[in-house]
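In what follows, a structure is listed as C-alpha cells, so that the remarks can point back to it.
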Amino acid sequence: MTFRHLQGSGMTSQRTRNRMIMRLIEKGITDERVLRVMQTTPRHIFVDEALASRAYEDTALPIGYNQTISQPYIVARMTELLLEHRQSLPRVLEIGTGCGYQTAILAQLVENVYSVERILPLQKKAITHTELLQLKNIRYAYSDGSWGWAEFAPYDGILVAAAPTEVPEALLQQLAVGGVMLIPVGEQGGDQTLQRITRTENYFEVEELDPVIFVPFLAGKE
Ligand code: SAH
C-alpha cells in the first residue's frame, strides 16, 4: 500500500474525513484529542476496497464473518467517555478487535492497548491495518474475551465492542481501582444500553448511558 493510498483521494480524501469530523461535532463529540486522531486516521484502509468510498459515512459497515466495523460516532463516544477526567491511561484492554479501527484510535491516545478477538482472520486483518499505520503499542490475543486477558491486568480502561447480556465477571476483576469500563449490555436485537462502570475502592459504580446497537458478545473461538 502506497502513501497515496493511505492518504486517500476523492471519497477517501482528507476533505471527506474533515466532513466526518464535522458530523461528530454536530452529534455532540467535544474531546479535541479524539477528534484530532479520528481526523488523521484513514478509516478507508480498514474496510474492503469496494466499501472504501463509504468509509467516512457515519455508519457501521460489514467486515466479513458476520461482523461490522463500529460506527465512527460510537467509536468517538466510547473513546471520549474512556478518556474523560483522565490525563493518561497506561493500560487499556479492548474486547472485540474486529478490523482494528477502534484499536488504532485508542493506540494513539493511551499508552498501551491489549486487544482480544475470537475470530482469527479478523485479528489478522487488524494486525495488518495497524502495522500499516506503524502503531507499535498494541498487543493482540486470539481468545474468548469473556476471560479478559489476565496476564497484563489490572487495566485502567476496558472497552468492549460486542454486547453481552451480562457483564463478564473476569472483566470486572481485571479493572483497576479508579479504572473505567465501557460496555454495551443487552439482548441481540433487543434493548442494549451503553454502561460506564467505574471501580472504586469498595464497589463498582454503574452508569447507564446511551441506547446502542452492537453485535452479540459470543463465547468460544472461531
Ligand atoms: N471495534 C471493532 C468492532 C468489531 S465488531 C471494529 O471497529 O472493527 C465486534 C467484534 O467483537 C467482532 O469482531 C467479534 O468477533 C468480537 N467479539 C464478539 N464476542 C467476543 C468475545 N467473547 N471475545 C472476543 N471478541 C469478541
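In table form, for the structure just shown:
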read-out	value
Relative contact order (%) - the range 81-148, alpha-carbon pairs under 8 angstrom, separation at least six	35
For a label point 7 Å along the Cα-to-beta-carbon line of SER53, residues of the range 1-39 with backbone N under 12 Å	10-12
Where labels lie 7 Å past Cα in the beta-carbon direction, separation of LEU172 and SER143 in nm	2.0
Three-way shape call for the range 71-162 based on the alpha-carbon gyration tensor, with the a/c threshold at 1.5	rounded
Using a Förster distance of 25 Å, the FRET efficiency for ARG4-ILE213 (Cβ separation, nearest 0.05)	0.10
Within the chain, helix-based [θ] at 222 nm, where runs of 4 or more DSSP H residues each add -39,500 (n - 2.57), nearest 500	-8000 deg cm²/dmol
Net +/- balance of residues flanking LEU122 in space, Cβ distance below 12 Å, scoring K and R +1, D and E -1	+2
Cα principal axis extents for the range 1-90, largest first, Å	39, 30, 28
Rh (Kirkwood; distinct C-alpha pairs) - the range 8-56, Å	11.0
Taking the C-alpha atoms of the range 64-222, convex hull volume expressed per residue in Å³	102
Helix runs (DSSP H) in the chain reaching 30 Å along axis by Cα, Kyte-Doolittle at least 0.5	none
Distance between the range 45-109 and the range 169-222 - C-alpha centres, whole angstrom	17
Share antiparallel - DSSP beta bridges, the chain, percent rounded to 5	45
Length-normalised contact order of the range 136-201 in % [C-alpha pairs under 8 Å, at least 6 apart]	29
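All of the numbers you see were taken from the coordinates with simple rules; none came from a lab. Keep in mind the model is a prediction, meaning the values are calculated, not measured. Cβ coordinates were reconstructed from backbone atoms using ideal geometry, including for glycine residues, and neighbour counts include every protein chain displayed.
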